[in-house]
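Down below is the structure, laid out as structure tokens.
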Amino acid sequence: MPGPFRSALVLALAALLAACGGGTRYRPVSDVPVRIGPPYKVRGTTYTPAAQPAYDMLGYATWYGSESGNQVANGERFRPSWITGAHKTLPLPTYVEVTALDTGRRIVVRVNDRGPFGESARIIDLSRGAAELLGVRHRGKAAVRVRVVEPDEKDRAALRKGKPARALPPIAPRTLANLQAQFERGVGTR
């Protein structure tokens, strides 16, 4: 086989192999299968994912956004502008309602990643898009309520396409005051 032909063949085969096996393969954005996963360890702490349909917690939200294009825990591509989040143990994906405790503003977020790790009072990491929609992006950390919800298919479809679910009205002032007091007695004193 002549030298130039062999070189061209080798380059063509290398390009073909790179196209077939190179790069990250992302899972399509889908609500099925729901993945719970086995226990895992990060920085010496073991986390045990589990179905938690009654999950309703107060804590802190942080946000992340510089990992654009990375693969998230359920295999999808991370898109910073989408309304997504990360949680340590909820099934992937799970839909949660996140309420900012300073304003009562509420949004629905699609959890498709793991985190936040470190400080135990941090209960959710929000994508940049979710943090902007909730009105907490300008802060590094915000007091929130996170609870599992079952949005209708129209809202699920919007979130799977990177769009926000329908706007939710702020929670009632009396309910917000109660949540703020609970936060101060519990999380706020840590």
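The values are calculated or read from the model by the stated rules, or taken from the named source; none is laboratory data. Treat the numbers as computed from the prediction; the structure is a model and nothing was measured. Positions of Cβ are backbone-derived with ideal geometry, glycine not excepted, and every protein chain shown enters the neighbour counts.
In the set Arg145, Arg156, which member is touching a Lys or Arg at 6+ places or on another chain (Cβ under 9 Å) and part of a strand (DSSP E or B)?
Arg145
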Those residues of the range 78-99 that are among the charged types (D, E, K, R) and within 11 Å of the chain's Cα centre (by Cα) come to a total of 2
Inspect all residues belonging to the range 160-173 and state whether any of them is closer than 16 Å to Ala121 by Cα, surrounded by 12 or more Cβ atoms within 10 Å (Cβ to Cβ), at pLDDT 95 or above and touching a strand residue (DSSP E or B) at 6+ places or on another chain (Cβ under 8 Å).
no
Selection from the range 2-45 of residues at pLDDT 50 or above, among the hydrophobic types (A, V, I, L, M, F, W, C) and farther than 30 Å from Ala158 by Cα yields Val42
If we ask which residues in the range 130-146 are touching a residue at least 60 places away in the same chain (Cβ under 8 Å) and buried (at least 16 other Cβ atoms within 10 Å of the Cβ), their number turns out to be 10
TODO: With the condition kept exactly as written, say whether any residue in the range 107-117 is surrounded by fewer than 17 Cβ atoms within 10 Å (Cβ to Cβ) and out of contact with any Gly (no Cβ under 6 Å at 6 or more places or on another chain).
DONE: yes
